[in-house]
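Some notes on the structure that comes next.
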Amino acid sequence: MELPEQRARVERKGFSMRRILSIAFALSVMVSLGLGPAAPAKPGGPQGRPTATGRGGAAASVDPLATRTAIRVLRHGGNAVDAAVAAAAVLGVVEPFSCGIGGGGFMLIGRGDRVATNDHRETAPAAYEPDTLIDPDTGEPIPFEEAVTSGLSVGVPGTVRGWDRVLERFGSMSLGSLLRPAIAIARQGFVVDDVFASQTRDNLERFRSFTSTRRLFLTNDGRVPRIGSVFRNRDLAHTYDLIAQQGADAFYQGKLARAIVRSVQAPPETRSSDLDVRPGLMTAQDLARYRAPFRAPTRVSYRGYDVFGMGPPSSGGSTVSEALNILEGFELGAGSRTRALHRYIEASSLAFADRNAYLGDSDFVDVPLEGLLSQEFAAERRELIGPEASPKPLPPGDPFPYDGDSEAVSASINTGGSTTHLTVSDAAGMVVSYTFTIEQIGGSGIAVPEYGFLLNNELTDFNFEPPHPNAPEGGKRPRSSMSPTIVTKDGKVVLALGSPGGSTIINTVLQVLLNRLDFGMTLPEAVAAPRLAPQNAYPILAEPAFLSSEVSDALESLGHSFEEVEELGTVAGIEFLSGGRVRAVAEPVRRGGGSAAVQHP
Ligand code: GLU
């Protein structure tokens, strides 16, 4: 069910209400963000506060400038959707390798147990065919690494249309005014931190291969900007300004749209580039036709809570939900932690087996969502969990008796990638859980010349080899793992969260939910706890702190095996405490530490 339309409420009070709010906000924002003559620092790390408790609205993200922007919008009378869009636009400036207007995302908007979801996932160009990602010369799938840096992997970006739609339906301020803080930061610049520098370093070869990207993100002599130097993106300021003045259509039609199409069809490679960059198929018509629909959320009950997630084309909501349904049949909190985690590994593996077999864009394929989320199917899957590790991979189950009819096929798992998550709430109880991305860190590596942003490589999330529910098709959205989540109890939101991390997003969200709802941790404890990512294969990726715990030895003795990975996910969430208090929670350490703030500390 969708929320009552906030915009209509504001507009009934007259055009002037929105206008006054917007102008007051735009005028004050430079001052309130501390945007004087000096560029603002982008602190991160231990000094960026990862937890904040208080009253009124709240915000959590990876970046202090984004979190601060959200709080400023709330203090100027904006609601959670306004604040989320303004903060997301800032993230597009300061986290340009993880997100931005060249990509897409999923936003959950909740008030009580009325939750709406907006799908602004990228689409494949109309000319895409099921075998587009098969190399005609070899008959084999295009090597993944080659697809990553190509025009072919660029999906039609959805972010700007998504921001426009959520504001139109739920916002109280204009997109134009909400882009102002980001424009100011892009123009004045921010201080390069170690995350920004290391992400640039990791992409150096790709960024050097495109004239536009080299000019945008590297120094004049083609190097990584120095940590502590000021990074400005005047081109992006100009692009945001264009959208602010002319609206979202300025992205999907006209000069900017033509520049995007040119960059995809003829990527601006430097002469010295050694890469074999395949051109893409996007046309002006693909951009003009892009839509960002509102969809029904997934919803399951879990131990008296209602858990809302993102349905297809994301596999996030269904996979988290199926695992929760399976786990609800066990007492997790009371018994041994080893047994609880063993069951988590098995339930997650079973849910991944089903995800890999059945999930795709439900506008194109029959996804047996009802069956996957049914208690009967969960009971069948739960039966397969014994006292010891089962051999992996486990085959998918058959949800169709509880749903419809189709055939199961197998799929590969994408564990890489990047993205960002932002959670915002307002004093009136509206909550936004928003994950958005350009897919890999640095997306396709192709920046749109003179417009200041990178294009996504989201179409690498398709299964390259047909037939598969997630095989490419014109207009189709590749399956995602993004899992923005809202949890309610007795009709009130108690928790909202999400994370980046490719397919491990599902594990991260699931594990934080279990830590919070079953193991009695506070949200900061639940987020900080070490993570593992069981995905129906061995070895299971796990963080060092988990591997050095006794429980990992105990799990190994049950037959599980692990491989160390430095970090899994980067959570940003909000929990609602008793007495009207609210707590925003970001990562204390992962990805340099995040930033949380409340409206009234
Ligand atoms: N492309 C990924 C997905 O939609 C998200 C990017 C990531 O975090 O890896 O699942």
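The values are calculated or read from the model by the stated rules, or taken from the named source; none is laboratory data. From a predicted model like this one, the values you see are computed outputs, not experimental measurements. Neighbour counts run over all protein chains shown; Cβ positions are idealised from the backbone, glycine included. Only protein heavy atoms, including side chains, enter the accessible area calculation; ligands, DNA and RNA are left aside. Shrake-Rupley method; radii C 1.70, N 1.55, O 1.52, S 1.80 Å.
Points worth noting:
- Which numbered condition F207 misses (of (1) hydrophobic (A, V, I, L, M, F, W, C); (2) touching a Lys or Arg at 6+ places or on another chain (Cβ under 8 Å); (3) open to solvent by less than 20 Å² (accessible area, probe 1.4 Å); (4) not in a helix (DSSP H, G or I)): (4)
- Segment 443-472, subset acidic (D, E) and not in a loop (DSSP other than H, G, I, E, B), residue farthest from F144 (Cα to Cα): E458
- Test: residue in segment 479-489 that is in contact (Cβ under 8 Å) with a residue 40 or more places away in the chain, of a type in the set (A, V, I, L, M, F, W, C) and touching a helix residue (DSSP H, G or I) at 6+ places or on another chain (Cβ under 9 Å): yes
- Hits in segment 485-520 (condition: more than 16 Å from the ligand (Cβ to nearest atom), of a type in the set (A, V, I, L, M) and open to solvent by less than 10 Å² (accessible area, probe 1.4 Å)): I486, V487, L495, A496, L513, L514
- Condition met for F546 (aromatic (F, W, Y) and closer than 30 Å to F576 by Cβ): yes
- Helices (runs of 4 or more DSSP H) wholly inside segment 245-304 that include at least 2 residues being more than 21 Å from R215 (Cα to Cα): 249-252, 284-288
- Looking across R180, R187, one residue alone is closer than 25 Å to I243 by Cβ and crowded, with 20+ Cβ neighbours inside 10 Å. It is R180.
- Residue-level analysis places G475 outside the set of residues that are within 16 Å of the ligand (Cβ to nearest atom), at pLDDT 95 or above and either part of a loop (DSSP other than H, G, I, E, B) or closer than 26 Å to R299 by Cβ (or both).
- Which numbered condition A147 misses (of (1) open to solvent by 10 Å² or more (accessible area, probe 1.4 Å); (2) in contact with a helix residue (DSSP H, G or I) (Cβ under 7 Å, 6 or more places away or on another chain)): (1)
- The single condition among (1) surrounded by fewer than 16 Cβ atoms within 10 Å (Cβ to Cβ); (2) in contact with a Gly (Cβ under 6 Å, 6 or more places away or on another chain) that V585 does not satisfy is (1).
- Yes/no for L532 being over 23 Å from N118 (Cα atoms) and touching a Phe, Trp or Tyr at 6+ places or on another chain (Cβ under 8 Å): yes
- Within segment 521-534, tally of residues that are within 14 Å of the ligand (Cβ to nearest atom) and surrounded by fewer than 24 Cβ atoms within 10 Å (Cβ to Cβ): 0
- Residues located in segment 52-94, provided they are among the charged types (D, E, K, R) and surrounded by fewer than 24 Cβ atoms within 10 Å (Cβ to Cβ): R55, R68, R72, R75
- All positions within segment 575-595 that are over 10 Å from V527 (Cβ atoms), in a strand (DSSP E or B) and aliphatic (A, V, I, L, M): V582, A584
- Candidate set from segment 417-440 (those that are touching a Cys at 6+ places or on another chain (Cβ under 9 Å) and outside any strand (DSSP E or B)); member that is nearest to the ligand (Cβ to nearest atom): T419
- G139 open to solvent by 10 Å² or more (accessible area, probe 1.4 Å), of a type outside the set (S, T, N, Q) and in a loop (DSSP other than H, G, I, E, B): yes
- Of the candidates A197, A257, the single residue that is under 28 Å from Y290 (Cα atoms) and either crowded, with 17+ Cβ neighbours inside 10 Å or in contact with a helix residue (DSSP H, G or I) (Cβ under 9 Å, 6 or more places away or on another chain) (or both) is A257.
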